[in-house]
Structures are given as structure tokens and as C-alpha cells.
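Structure first, commentary second.
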Amino acid sequence: MRKKRNPSLFQSIIDTLQDVFEEKHEKPSSKISSKPSSRNKCKYWNCNRNIKPGHFLCPEHYERWQYYEIDKCPICGRYKDEEYDLCLDCRRKVNSKSKTKTPTTTNSKYSIEHSNKWRNQNKGDSQFFVYVLKLNDGKYYVGHTDNLRVRLTEHRDGKTKSTANKSFVLQYYEKLGTRKDAELREVALKILADKDERKLRKIILEFQDINRELN
């Protein structure tokens, strides 16, 4: 279990120098070994540094992990900065898929709320909302809209198949400047709801704490 403690800067420097020394003084083999290397790679998403067997992060990233500054990407399982929902590689993949094709059916696991009418209706809009509902069956529903109050009444009136005949409570919302940003954020929160619900709960609780302070 990770415990918050004072930074072990001295130990981190020693580990770093030891790794550098070992890599620098490794004797080149005259033969190509058929055995796989016993050295592992750091599992931080863009760090290819060699680490000792049994370790999963290099000294630098391990210390950050101990202070809860690093957690796992819910898509690829590699480690990334805690403040971001996805590592940069997975974020690029999500962005790429969104540019090539916007999912419009419920067949897609992380489908986006979509209507062709919105494209014409919202051309001049500069404000969109991503929101999270907690349904009475314990599941989370994530969507986006240009008018949050109107959208909530549509959910209550059974206009949306996913929430029809279900009661719900609005747990979280945030404002974004474009529909594209709202779509990407919606996908990211849906991935969290499916793969890392604990992280989504943390986001919701922080949002609710801030709202209580403001009110």
C-alpha cells in the first residue's frame, strides 16, 4: 500500500546514479544472446528506461507514484500523470477516432450522444455541458448537451432510451467551449465509468465539495 511520506531525494539520486553506472559499464556481448533480457522497462507511458527485475517504475516515477501524482491509464494500463484522464497516446487515439468517425449508435460501447440536427442548431453556440447522472440501478450515465436544464427535463420525460423509466440524480457537470471538446470529454468520462469507477467517483466528490464551498 502506498503511504505518503517525505520525499526520499537522496535515495532517488543514489538509485539513479547506480542505474547510470550499471548501464555505462555493461560489457558488450560478442555474441547475440538468444535469451530475453532480464531488464524491464519503466511502465510510465513514455519512459523507456531500464529498471531492475521486480520493479515496475524507474526511481523518478516510482517516487511520484508514492505521492499519488501518478496512476494508471484506464485504457492501456500504463502509468500517467494523475491530473489527466488518459495518457497522451490513448488521448491521441481517442481524438483520431473522433475526427474520422463520430459514433452515432448504441452499438459502440462508448457512443456519443448525437443528433444530426445539432450540427445546424449549435453552430453559433459557445457553451456546452458534459454531465454525469447516477441512476437508481447504481450505474452512471454520461452525456453532453448545449442546454443542461432542458436536457435534464428530457431525461425525466423518458425521451432518452438509456434513462427511460429510471430515476436519477445529477452528480457532476462541466462547461466546455465547443461540441468537439464536449464529445471528447464525454468519451473520457465514459471510459472512467467503465474501467476506473473509483477515479470517476473522486472527480464527482471534488466537484461536489467545491460546489458546497461556493454555496
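The values are calculated or read from the model by the stated rules, or taken from the named source; none is laboratory data. Computed from a predicted structure; not experimentally measured. Here Cβ is always computed from backbone atoms with ideal geometry, including for glycine, and neighbour counts include all displayed protein chains.
State the number of residues belonging to region 171-204 that are under 11 Å from the mean Cα position of the chain (by Cα) and not in a helix (DSSP H, G or I).
Summing the residues that are under 11 Å from the mean Cα position of the chain (by Cα) and not in a helix (DSSP H, G or I) in region 171-204 gives 1.
Taking region 143-170, which residues are touching a residue at least 24 places away in the same chain (Cβ under 8 Å) and over 25 Å from SER126 (Cβ atoms)?
Residues satisfying the conditions are LYS161, SER162, THR163, LYS166, SER167, PHE168, VAL169.
Looking at region 205-215, which of its residues are assigned to a helix (DSSP H, G or I) and without any contact (Cβ under 8 Å) to a residue 12 or more places away in the chain?
Step one: filter region 205-215 for residues assigned to a helix (DSSP H, G or I), giving 205-214.
Listed by number, the residues that qualify are LEU205, GLU206, ASP209, ILE210, ASN211, ARG212, GLU213, LEU214.
Of VAL150, VAL187, VAL132, which residue is at pLDDT 90 or above and surrounded by fewer than 18 Cβ atoms within 10 Å (Cβ to Cβ)?
VAL150
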